[in-house]
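So the structure is just underneath, and the comments pick up after that.
The values are calculated or read from the model by the stated rules, or taken from the named source; none is laboratory data. Because the structure is predicted, anything quoted here is derived from the model rather than measured. In this analysis, Cβ positions are derived from the backbone assuming ideal geometry, glycine residues included, and neighbour counts consider all displayed protein chains. These area figures cover heavy atoms from the full protein model, side chains too; ligands, DNA and RNA do not enter into them. Shrake-Rupley method; radii C 1.70, N 1.55, O 1.52, S 1.80 Å.
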Amino acid sequence: MKLALTILSIALVAVLLAIAWSEENPEWANYQRVYFDLAQRRAQSSTQADWYRTQRVEIRQISVAPLKRVDRCTTCHLAVADPNFADAPEPLRLHSALLQSHPPERFGCTVCHRGEGRAVTTLTAHGEVPGSSVRMLRGEYVQAACYLCHAEKTLPPAATSEIVAGEIAINQLRCLRCHQIDGMGESEGPDLSAIGSRRDALELDAHLLNPPAMNSGSTMPIFPITRAQAQAITVYLLTQQGDAPPANDVRYRSANFRFSIFDFRLSDRKSKFENRKSDGVLAPIVFFRYDGQQLFWAAGCGVCHRIGNEGGAVGPALTRIGRVRERDWLRRYLSDPSAVRPDGRMPQLYLNDREIDALVEFLLTLR
Amino acid sequence: MGLRENLAQLPRHFADSFFRSAAFTGARRQAALVANTWFLHIHPARMHPYSLRVTFTFGLGVFAFWLFVILSATGILLMFYYIPTTDAAYATMQDLIFVVPFGRLIRNAHRWTAEGMVVVVALHLARVFFTGGYKPPREFNWLVGVGLLLLTLALSFTGYLLPWDQLAYWAITVGTSIAAYFPLFGDLLRALLLGGETVTEQTLIRFYVLHVVLLPFLLALLIGYHFWRIRKDGGLARPRALPTTENVLSYPRVLQIELAILLALLIVFLPLAYRFDAPLGAPADATHPPNPAKAPWYFVGVQELVSYSAVWGGVVAPVLLFIALLFLPYLDRDPRGVGAWFAPERKGMVAAGSVILLALVAVTIIGALLRGPNWAFYWPWEGWPGPK
C-alpha cells in the first residue's frame, strides 16, 4: 500500500509539473519572441533596438471603456503600428493607414474586425470555433463594419465597393420577391432586416451558394451565382443589423439610402410603401410597363429557367413551353406553384394578376 | 529538562499533542489515533473487512466526498475572479480562460468534477439500492442520502447559469420552465428561483448565492451527518451470517485507501481538465433562443418526458419517483438479501429498480443526444442542421 501511495504521489507531481510547463509556453508567447527578435534586427537605430530588447513577453490589451471592449489582439499582432513590418506576414504585419483615423486606443480592434477581443488563442480570438457569434470579418468582408458607423455617402468608393455590388446583385436576383428587408419585399422567405446580427459571413456565403446544403428543408432555389456575387451579397447582408443600435455614436447611415437602391421595376408595392413613408407628401408615381419578356428576366424567372441559350439551369428549360402548357394551367401555376405541384421546387412569387397575364402571354409565344 | 532537550524533542511532542495517543502502544495506539483525533474520528477505530471489499462498494461514497472537496477548492479559486453581474460574468469567464494563470485548468476541473459528482452520487445511490443497504436500521441514512443527491443536483443546476453564456441561459430557462409544471406551487417555485418572470440579473445573483453559500453549507452539514450515521447504524450493511470478530484496524489501511482514491482522482481529472475545455457558448442573448434549447443533461430526461405529456412526464413521473425514493426503506423492510449485490431473495425489487434506472438512462440519452430542432428525433448518424 505504501508503495502504491508513493507511485501515485510521484505520478501526481509529474502531472502537475507537465501541466505547469505547458501552460508556460502559450502560442502568443512564441509570436512575441519572434517579433522582438526580428524587430531588433530591423531596428533603424540602436535606441530602437534597445527599446525592443527591454520589452517583456506578456499579454497586451487595449481597454476601451465607452465601447465596453477589452481587445487583446495586439498580444499576437504586435506590429500593427510598426513601420518596420510593412511587408511581414501575419500576425506580425503593419496595419493599413486606416489606423491613423481609427486610433486603436479609442476604438480597439474588434469594433471593425469583430472576433473575440478577450481571447488569446487564434481560433477563439478570430471567432472561428463552433458556436461563436463573432466570426472575424476577413478581407473585403470588413466593409460591412465601416457601414455600421458611417453613412454611405461619407465613405470613399473603395470602402463601399462590395456593398454596392451586393445591392446590385440583390436587385438582379430579385431576392425581395421572397425576402423582406426593412418592410420592403415579400414574406415567403425569412425577413433579412437583422440577418447580419444572427449569421456570419461563412454561413451566409454557404447558404447563398447552396441553400439546401446549408439548411436542409430550405425552399430557396439554388441560384447560379458566382462566388464574387455571393461575397458581395453577404457583405451587404452583414450590414443588416435590424434595429440594434450602432456600435458607437458616430453618425449612422442615412435612412433614405436603403430605399433608393431598389430600382423602379421591382413592383408597385414599393411605390405604395414610399407613399406611406412620405406621410402625406405626394410621392412620385411609378409606372410599370407590363412587358412579359422584360418581366421574365426582371422578376427572376431567368435565374432558374432558360430560354434558348439564356438563363439558368435550375428549373426546366422554357424554350418551347408554349407547346407544352395551356394558358389556364400556366396562370394557375404562376399564381401559386405549390397548389399545382405540392412537391415542386418553384417558389411562390406573389405576382399580381397583370404581371401573371403578361408573363403567360409571353410564355405562350415560346414555341 | 533544559531548553535544548525540549527543542530536540519538539517534533515528537508536537505529534503527541496532535494525535493524543502517546499513552498507548500497539493496536490500542492505532485505535486511539483515530478515535482521539478530530479529523479522523469520523472513522470507526475498527472496521469489518467485508466493508472494505472493492467489488462491494467500489468506493463510490469516498469518491463522491473527494469530488466535493476538489469542487470546494476549485470553486473558491474561481470565486476570486468571478463577478456575478450580467455585464461582467461572461467577461470574467473569458479572463479566467485566457489570462488568469491556470484559470482555464481550474475552471475545467471544476466543471468536469461537478459532472462527475452527479454521476458518482447517482451510482452510489444505485449501489446502496442494489445491495439492499437502505434496510433497517439504515432507513434514515437513506433519506439523508436522497437529500444529498438533491443537493448535488441543485448545486450543479445553480452552477450551470454562472458562465452566463447561451448554454447557461437557455438551459436554466428550460429547467425552470419544467419546475413551473408542478401543480399549485409550480409558478411560485419558478418565480422564487428566477426572481421574476425570466432569467435576469436577479436570477444570476440568486443562483450565485445558492451555489457558493447556502447549498455547499447544507451539503457539508449533511455529509457530516451521513458519515456519523454510518457509524451509529453499525457500519456498512453486510450479510447477517458474517461473524463480527474479525474486524481490522482503520489505521493505517483505510486512511491509505482513501488517500489513494484522492490521488487517483486528481491524476485522472487534472489531465482531463487540461486537455478538454469546459463548454462556453456565445454570450447569453435573450433574443436568440437556440433550437433545440436543452436543460442540463441530468434534467433532460424529464424534458424528454415533458415532450410526451406535461402533466404525466413533468409532474406525475418525477413526483412518483421521488416519493418512491423517500418511502422505499419504510415499505421494504425485508431483512433477507442485505449486503449482497442483486440478492436472489430481492428479485422483485432488483427488477423494478433496474427497469426504472434503465428507463431514466434511456430518456436521458434520447433527450440529450437524439433530439434536434423542434425536439424532432434524429438518429446519431443523421445529424441535424445547425448547432448540436
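Apply 1/(1 + (r/R0)^6) to the Cβ-Cβ distance of residue A:2 and residue B:23, taking R0 = 30 Å, and write down the FRET efficiency to the nearest 0.05.
It comes to 0.70.
Lys and Arg at +1, Asp and Glu at -1: add these up for the other residues within a Cβ distance under 12 Å of residue A:322 and post the number.
On the way: positive: A:320, A:323, A:325, A:327, A:367; negative: A:326, A:361.
Net of charged neighbours comes to +3.
Largest first, please: the extent of the C-alpha atoms of the stretch B:1-44 along each principal axis, to the nearest Å.
39, 20, 10
Per residue and in Å³, how big is the convex hull formed by the alpha-carbon atoms of the protein assembly as shown?
On the way: hull volume 186.0 nm³, N = 755.
Enclosed volume per residue, from the Cα hull, is 246 Å³.
Along the Cα-to-Cβ line of residue A:20, 7 Å from the Cα, sits a label point; which residues in the stretch B:256-272 have backbone N less than 20 Å from it?
Only B:263-272 fall inside the zone, counting backbone N under 20 Å.
Rank by packing, highest mean first: peptides B:211-221, A:84-94, with packing defined as the count of other Cβ atoms within 10 Å averaged across residues.
Sorting B:211-221, A:84-94 by mean packing, highest first, produces B:211-221, A:84-94.
Provide the per residue accessible area, probe 1.4 Å, for the stretch B:45-295, rounded to a whole number of square angstrom.
That works out to 45 Å² per residue.
Pull out the extension gain between residue B:319 and residue B:307, defined as 0.36 nm times the separation in residues minus the alpha carbon to alpha carbon distance; nm, one decimal. Could the numbers behind the result be given before it?
Values: separation 12, 0.36 × 12 = 4.32 nm, distance 1.68 nm.
Using 0.36 nm per residue and subtracting the Cα-Cα distance, I get 2.6 nm.
What is the dipole size for the stretch B:161-278, taken about its Cα centre, with +1 at each Lys and Arg Cβ and -1 at each Asp and Glu Cβ, in debye to the nearest 20?
The calculation lands at about 620 debye.
Label residue A:297 and residue A:354 with points 7 Å out from Cα along Cα→Cβ: what is the distance between them in nm?
The answer from the label model is 2.2 nm.
Please give the net charge around residue B:302, taking every other residue with its beta carbon less than 15 angstrom from that of residue B:302, where Lys and Arg add +1 and Asp and Glu add -1.
Net local charge, residue B:302 excluded: +2.
Which value does Rg/Rh take for the stretch B:15-135 over its C-alpha atoms, Rh per Kirkwood?
1.15
When the Kirkwood hydrodynamic radius is evaluated over all pairs of different C-alpha atoms of the stretch A:83-173, what value in angstrom, to one decimal, is obtained?
15.0 Å
At what distance in angstrom do the alpha carbon centres of the stretch B:275-343 and the stretch B:79-140 lie from each other?
17 Å
For the pair residue A:227/residue B:232, report the inter-label distance in nm, with labels modelled 7 Å from Cα in the Cβ direction.
A separation of 7.5 nm, rounded to one decimal place.
Under the rule that a partner needs its Cβ under 4.7 Å from the first Cβ, which Cys of the protein assembly as shown have none?
Flagged as lacking a Cys partner: A:76, A:112, A:146, A:149, A:175, A:178, A:301, A:304.
Using Stokes-Einstein with the Kirkwood hydrodynamic radius over Cα pairs, what translational diffusion coefficient do you get for the stretch B:312-388 at 4 °C and a viscosity of 1.567 mPa s, in µm²/s rounded to a whole number?
Estimated via Stokes-Einstein, D reaches 84 µm²/s.
Springs between alpha-carbon pairs under 10 angstrom, Gaussian network model over chain A: which of A:133, A:187, A:101 fluctuates most?
In the Gaussian network model the winner is A:101.
Report the extension gain between residue B:52 and residue B:201 in nm, rounded to one decimal, defined as 0.36 nm multiplied by the number of residues separating them, less their alpha carbon distance. Can you show the working numbers first?
Values: separation 149, 0.36 × 149 = 53.64 nm, distance 4.80 nm.
The span from residue B:52 to residue B:201 would gain 48.8 nm if fully extended.
Per the Kirkwood definition applied to all pairs of different Cα atoms, how many angstroms is the hydrodynamic radius of the stretch A:292-364?
Final number for the Kirkwood radius of the stretch A:292-364 is 12.3 Å.
Packing-wise, with mean Cβ within 10 Å as the measure, how do A:116-127, B:265-276 rank, highest first? Intermediate values should be presented prior to the final figure.
Details: A:116-127: 21.0, B:265-276: 16.6.
Taking the mean over residues of other Cβ atoms within 10 Å, the ranking is A:116-127, B:265-276.
Could you put B:170, B:379 in order of accessible surface area, largest first, with the 1.4 Å probe and the full protein assembly present? List each step's numbers first, then the result.
Numbers: B:170 35, B:379 120 Å².
The most accessible residue leads, giving B:379, B:170.
Can you tell me the 0 to 90 degree angle between the C-alpha axis of helix B:347-369 and the longest principal axis of chain B, rounded to 10?
50 degrees
Could you do me a favour and compute the accessible area per residue for the stretch A:104-180, 1.4 Å probe, result in Å²? Each step should come with its number before you reach the end.
Working: 3300 Å² over 77 residues.
Value returned for the stretch A:104-180: 43 Å² of accessible area per residue.
If you take each beta carbon of peptide B:212-220 and count the beta carbons of other chains within 10 angstrom, what is the mean? Let's see the in-between values first.
Details: counts 0, 0, 0, 0, 0, 0, 0, 0, 0.
For this peptide, the per-residue mean of nearby foreign Cβ atoms is 0.
Which one of A:98, A:137, A:176 has the biggest mean-square fluctuation once chain A is modelled by GNM with Cα springs under 10 Å?
A:98
Using the Kirkwood radius over C-alpha pairs as Rh, can you work out the diffusion coefficient of the stretch B:230-373 via Stokes-Einstein at 4 °C, viscosity 1.567 mPa s, in µm² per second?
64 µm²/s
I need the calculated FRET efficiency for the pair residue B:336 and residue B:362, taking r as the beta carbon distance and R₀ as 45 Å, to the nearest 0.05.
0.90
Using only Cα atoms and rounding to the nearest 10 degrees, what angle (0 to 90) does helix A:27-42 make with the longest principal axis of chain A?
Orientation of helix A:27-42: about 80 degrees from the principal axis.
What is the average number of partner chain Cβ atoms found within 10 Å of a Cβ in B:98-108?
Per residue, the number of nearby Cβ atoms from other chains is 3 on average.
What does the structure give for A:9-22 when I average, per residue, the other chain Cβ atoms found within 10 Å of the residue Cβ?
3
So what is the calculated 222 nm ellipticity per residue for chain B, using -39500 (n - 2.57) for each DSSP H run with n of 4 or more, over all residues, to the nearest 500 deg cm²/dmol?
-19500 deg cm²/dmol
With all pairs of different alpha carbon atoms counted, what Kirkwood hydrodynamic radius in Å does chain A show?
For chain A, inverting the mean 1/r across all distinct Cα pairs yields 24.8 Å.
Considering the convex hull of the alpha carbon atoms of chain B, report its projected area averaged over all viewing directions, in nm², one decimal.
Projected area, direction-averaged: 24.4 nm².
Okay, helix-only estimate at 222 nm for chain A: each DSSP H run of n ≥ 4 adds -39500 (n - 2.57), divide by all residues, round to 500 deg cm²/dmol; what do you get?
-12000 deg cm²/dmol
Take A:57, A:324, A:142 and sort them by solvent-accessible surface of the protein heavy atoms, 1.4 Å probe, largest at the top.
The residues order as A:324, A:57, A:142, largest area first.
Sort A:106, A:332 by heavy-atom solvent-accessible area, probe 1.4 angstrom, most to least.
Sorted by accessible area, descending: A:106, A:332.
Using alpha carbons only, how many degrees (0 to 90, rounded to 10) separate the axis of helix A:268-278 from the longest principal axis of chain A?
60 degrees
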